[in-house]
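Here the structure comes first, spelled out in structure tokens, and everything after it is commentary.
Laboratory data are not the source of any read-out in this text; all were calculated from the coordinates shown. Treat the numbers as computed from the prediction; the structure is a model and nothing was measured. We place every Cβ from the backbone using ideal geometry, glycine too, and count neighbours over all the protein chains shown.
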Amino acid sequence: MKSALVVYFSFDGNTKLIAEKIGETLNADVIELKTSKKYPTEGIGKYFWGGKSVVFGDKPTLTNKSIDLSGYDTIIIGTPVWAGSFAPPIRSFVNDYKIVNKKIAIFASHGGGGAAKCFAKLKEALPENKFVGEIAFVEPKKNPECIESAAKWAATLS
Ligand SMILES: Cc1cc2nc3c(=O)[nH]c(=O)nc-3n(C[C@H](O)[C@H](O)[C@H](O)COP(=O)(O)O)c2cc1C
């Protein structure tokens, strides 16, 4: 692999665990997307505001410094599944950067509902690219075997 970038959002740390393992396996740069908007971290509000922002297609402002994608031929995007889709900061990322002619691999953490719809939507949002892999994990913080699966999967991308 020429050069890979792992870009992810993680609210509770599950996607982060996987992102870091993939970055380590591929010796890739890793960027965690951060937003100025703060979502409630507990209770029903967490699901309500998160779910609502997915449904309304929110694109919260990213506070990361500008990312130069030109040096990467592969971008590996990680997201938690929110309301069956990808999390709003990923929508911001896709919206803020013109991502074309890249190899893209996607991974997601979810609570048991699966990631098929999330992956389909992410592919739809990045039409002019080549998708080279996808993998979903159920709550990696509770299921540490996910970390090894992530490393094995990452190795198939190189
Ligand atoms: C706002 C919100 C919506 C969620 N929606 C779903 C869902 O539709 N399906 C699912 O399986 N899990 C859902 N979850 C659970 C997360 O996808 C799961 O806990 C994931 O591992 C979190 O990743 P993170 O720790 O990187 O944020 C949701 C969690 C939140 C906070």
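With viscosity set to 0.692 mPa s at 37 °C, what whole-number translational diffusion coefficient in µm²/s follows for the chain from Stokes-Einstein and a Kirkwood radius over Cα pairs? Mind showing how you got there, number by number?
Numbers: Rh = 15.5 Å.
Calculated translational D: 211 µm²/s.
Counting only GluC sites (Glu not before Pro) that sit in a DSSP loop (anything but H, G, I, E, B) with at most 10 other Cβ atoms within 10 Å, what is the longest stretch of the chain containing none of them?
Longest site-free region, per DSSP loop and neighbour criteria: 43-127.
When only DSSP loop residues count, what chymotrypsin sites (Phe, Trp or Tyr not before Pro) in the stretch 35-132 have their Cβ near at most 10 other Cβ atoms within 10 Å?
Those that pass, being in a loop and sparsely packed, are 56.
Based on the Cβ-Cβ distance from residue 141 to residue 27, what FRET efficiency comes out when R0 is 30 Å, to the nearest 0.05? Walk me through the numbers on the way to the answer.
On the way: r = 24 Å, r/R0 = 0.80.
About 0.80, to the nearest 0.05.
What's the center-to-center distance, using Cα atoms, between the stretch 1-73 and the stretch 92-110 in Å?
So the two Cα centres are separated by 10 Å.
Quick test of the membrane-span-like rule: which DSSP H helices of the chain reach at least 15 Å along their long axis (C-alpha atoms) with mean Kyte hydropathy at least 0.0?
Those that pass (Cα extent of 15 Å or more, hydropathy at least 0.0) are 43-55, 145-157.
Given Cα pairs under 8 Å that are at least 6 residues apart, what percent is the relative contact order of the stretch 1-121?
30
If Rh is defined by the Kirkwood formula over all Cα pairs and Rg also comes from Cα, what ratio Rg/Rh do you get for the stretch 77-158? Intermediate results must be reported in sequence, preceding the final value.
Values: Rg = 12.7 Å, Rh = 13.2 Å.
With Rh from the inverse mean 1/r over Cα pairs, Rg/Rh is 0.96.
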